[in-house]
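Beneath this line is the structure, given in structure tokens, with notes to follow.
The values are calculated or read from the model by the stated rules, or taken from the named source; none is laboratory data. All figures in this text were calculated on a predicted structure; none of them were measured in a lab. In this analysis, Cβ positions are derived from the backbone assuming ideal geometry, glycine residues included, and neighbour counts consider all displayed protein chains. Heads up: the accessible areas ignore ligands, DNA and RNA and are worked out on the full protein's heavy atoms, side chains in. Shrake-Rupley method; radii C 1.70, N 1.55, O 1.52, S 1.80 Å.
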Amino acid sequence: MATEGGGKEMNEIKTQFTTREGLYKLLPHSEYSRPNRVPFNSQGSNPVRVSFVNLNDQSGNGDRLCFNVGRELYFYIYKGVRKAADLSKPIDKRIYKGTQPTCHDFNHLTATAESVSLLVGFSAGQVQLIDPIKKETSKLFNEERLIDKARVTCVKWVPGSESLFLVAHSSGNMYLYNVEHTCGTTAPHYQLLKQGESFAVHTCKSKSTRNPLLKWTVGEGALSEFAFSPDGKFLACVSQDGFLRVFNFDSVELHGTMKSYFGGLLCVCWSPDGKYIVTGGEDDLVTVWSFVDCRVIARGHGHKSWVSVVAFDPYTTSVEESDPMEFSGSDEDFQDLLHFGRDRANSTQSRLSKRNSTDSRPVSVTYRFGSVGQDTQLCLWDLTEDILFPHQPLSRARTHTNVMNATSPPVGSNGNSVTTPGNSVPPPLPRSNSLPHSAVSNAGSKSSVMDGAIASGVSKFATLSLHDRKERHHEKDHKRNHSMGHISSKSSDKLNLVTKTKTDPAKTLGTPLCPRMEDVPLLEPLICKKIAHERLTVLIFLEDCIVTACQEGFICTWGRPGKVGLLSSPNQASSPGGTVV
């Protein structure tokens with residue numbers, strides 16, 4: 001399923017890759033799995049998921065890791081890039097009968113060295129509250145499955161709350177619980193609180209307060225995932241019906257919607273400043289949606305199968321308010337620029353918000369996000385100011401020389417448009433991240449032949465409209481044989497006829513809800529590497545590493561540039577087919 005033909009190179013597992021920051025390296029000694037390290041036979045089981053929490057203890061090693069594999073749930077000390085994993089000593093291990101864990105979430109607010117609250121959702125619909133440090137099981141919610149019998153697809157603590165949590169099911173319903181309340185011995189009765197387009201919210205009718213506090217019915221088909229905005233005020237949900245729906249969580253108002261190109265949406269995440277949402281799904285695309293403008297601003301095409309996880313990298317996302325940013329290739333530079341975290345977000349958000357005020361200095365911004373999919377590939381993407389603000393004049397003059405000059409870091413490497421100071425005609429589409437092929441944009445462009453020649457020379461920064469890409473690389477597209485088929489204006493209508501909802505795709509395609517492929521910029525990934533044998537289910541960005549996991553039950557740690565430390569010894573014995581990229 002995950003591999004495709006095309007020779008040895010296509011099926012090699014990569015153990016390192018390079019971006020503008022430097023070399024990312026797989027750390028075989030930091031791999032977590034079941035203690036026997038045997039690949040898990042994943043057929044018919046739920047996706048492997050990973051949750052992290054920091055206990056803020058004095059030892060400096062407060063990171064804890066939880067992951068599910070089949071019927072099993074493990075809780076380990078996570079040593080990251082510092083020390084090798086010791087799989088013989090899980091802090092807690094649980095094996096369930098008759099049901100499987102599907103997702104989990106730590107309460108970061110209440111976590112201490114002595115106690116931690118972990119919510120676990122199950123395939124039969126229950127939610128368990130456990131303390132893996134005390135090895136206690138404190139409560140079981142929806143125990144008799146009177147609230148919902150469908151599989152739990154996502155469970156998360158409400159940001160800033162010690163007791164409220166939200167649970168999504170494959171039934172298309174979400175429920176708000178309070179850990180202090182019971183679920184009752186009878187099925188709940190509901191009273192309509194608010195209704196809107198494709199959603200309804202009910203309260204629980206009972207004499208005494210009981211769970212669930214609220215029932216959300218969202219869209220049609222299963223709810224795949226939801227994510228709270230960084231400030232906790234908004235909730236983004238993606239469903240099998242292909243819709244992203246963004247709600248004001250407290251007022252229960254629908255803020256905006258977006259429709260996938262086709263098929264269901266499977267994953268969603270927010271940018272660290274809450275201005276953008278990225279989704280992925282069965283159309284093999286990543287889609288970037290502006291929270292402020294409520295519209296699709298870009299799509300990314302690099303995966304050859306369904307996209308299972310999207311996540312922003314807050315440590316490589318960068319903001320620069322003055323002169324052009326010079327990337328020296330070290331990860332520390334990005335840490336100096338900013339760290340996105342709950343305790344540090346305010347100053348950064350204020351810097352990012354300056355972009356939209358007309359009287360402030362222009363700001364250079366680059367958002368880094370990643371995606372993993374069922375094609376076993378990891379893709380990294382850069383979302384840059386020329387994509388975000390295509391109609392605004394460039395914040396500073398960029399000459400061809402500073403891009404072509406190989407001795408200095410190219411300004412274009414952060415995705416910015418390359419134009420001459422005298423060329424006032426904007427390109428027809430914003431430039432994508434980095435195209436692997438030499439190409440120039442025409443698409444009705446008025447730029448001169450000279451511009452075209454230079455753009456073809458600097459292929460990494462060239463723009464390519466979809467139609468051009470199809471004509472120039474028809475043979476290559478044919479060989480890729482990915483499940484999207486050929487994306488073009490001719491085939492898009494046919495693709496969208498395949499739908500699982502009552503929404504007529506012909507009515508949404510070409511509207512702001514779902515723009516045509518040629519109407520929005522198409523991003524190409526910075527890197528796209530096959531890193532596993534089985535489909536990937538986890539992507540988490542930490543300060544000194546990236547964590548991925550596949551359905552075989554292996555949780556892998558990729559050391560960031562300059563962060564590998566003691567584990568940088570070139571011992572690749574336990575890594576599958578290490579290749580230098």
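Each residue in the range 232-242 was checked for being in contact (Cβ under 8 Å) with a residue 60 or more places away in the chain and open to solvent by 20 Å² or more (accessible area, probe 1.4 Å), and 1 of them qualify. Take the conditions (1) under 18 Å from V288 (Cβ atoms); (2) modelled with pLDDT of 95 or more; (3) assigned to a loop (DSSP other than H, G, I, E, B); V246 misses just one of them, which is (3).
With respect to the conditions (1) farther than 17 Å from V167 by Cα; (2) surrounded by fewer than 21 Cβ atoms within 10 Å (Cβ to Cβ), L265 falls short on a single one, namely (2).
Against the test of being at pLDDT 95 or above and under 25 Å from S260 (Cα atoms), the options L526, L513 yield a single qualifying residue, L526.
Only one of the numbered conditions (1) part of a strand (DSSP E or B); (2) touching a His at 6+ places or on another chain (Cβ under 9 Å); (3) open to solvent by less than 30 Å² (accessible area, probe 1.4 Å) is not met by F165, and that is (2).
Looking only at residues in the range 296-307 that are in a strand (DSSP E or B) and in contact with an Asp or Glu (Cβ under 8 Å, 6 or more places away or on another chain), which one is surrounded by the most Cβ atoms within 10 Å (Cβ to Cβ)?
V307
Within the range 268-295, the set of residues being open to solvent by less than 10 Å² (accessible area, probe 1.4 Å), touching a residue at least 60 places away in the same chain (Cβ under 8 Å) and under 23 Å from A222 (Cα atoms) comprises V278, G280, D283, D284, L285, V286, V288.
Residues V310, V268, V278, V292: which one is over 29 Å from V50 (Cα atoms), at pLDDT 95 or above and outside any helix (DSSP H, G or I)?
None of the other options fit; the residue is V292.
So in the range 47-93, with the set limited to residues that are of a type in the set (A, V, I, L, M) and within 20 Å of S117 (Cβ to Cβ), which one is surrounded by the fewest Cβ atoms within 10 Å (Cβ to Cβ)? So, considering only residues that are of a type in the set (A, V, I, L, M) and within 20 Å of S117 (Cβ to Cβ), the one surrounded by the fewest Cβ atoms within 10 Å (Cβ to Cβ) is I91. Is it the case that some residue within the range 183-203 is open to solvent by 50 Å² or more (accessible area, probe 1.4 Å), part of a strand (DSSP E or B), under 13 Å from L254 (Cβ atoms) and out of contact with any Asp or Glu (no Cβ under 9 Å at 6 or more places or on another chain)? Yes, some residue in the range 183-203 is open to solvent by 50 Å² or more (accessible area, probe 1.4 Å), part of a strand (DSSP E or B), under 13 Å from L254 (Cβ atoms) and out of contact with any Asp or Glu (no Cβ under 9 Å at 6 or more places or on another chain). In the range 360-368 there is at least one residue that is modelled with pLDDT of 95 or more and within 21 Å of the chain's Cα centre (by Cα).
May I ask you to list the residues in the range 62-75 that are part of a loop (DSSP other than H, G, I, E, B) and touching a Leu at 6+ places or on another chain (Cβ under 9 Å)? Of everything in the range 62-75, just one residue is part of a loop (DSSP other than H, G, I, E, B) and touching a Leu at 6+ places or on another chain (Cβ under 9 Å), namely G62. Being at pLDDT 95 or above, farther than 25 Å from H104 by Cα and in a loop (DSSP other than H, G, I, E, B) is a property that holds for G263.
The residue that is least open to solvent (accessible area, probe 1.4 Å), among those in the range 135-150 that are among the basic types (K, R) and in contact with a strand residue (DSSP E or B) (Cβ under 9 Å, 6 or more places away or on another chain), is K139. Flag: N173 does not match the condition of being touching a strand residue (DSSP E or B) at 6+ places or on another chain (Cβ under 9 Å), open to solvent by less than 10 Å² (accessible area, probe 1.4 Å) and polar (S, T, N, Q).
For D250, are the conditions met, namely being of a type in the set (D, E, K, R), out of contact with any Lys or Arg (no Cβ under 6 Å at 6 or more places or on another chain) and open to solvent by less than 10 Å² (accessible area, probe 1.4 Å)? So D250 does not fit the description; no.
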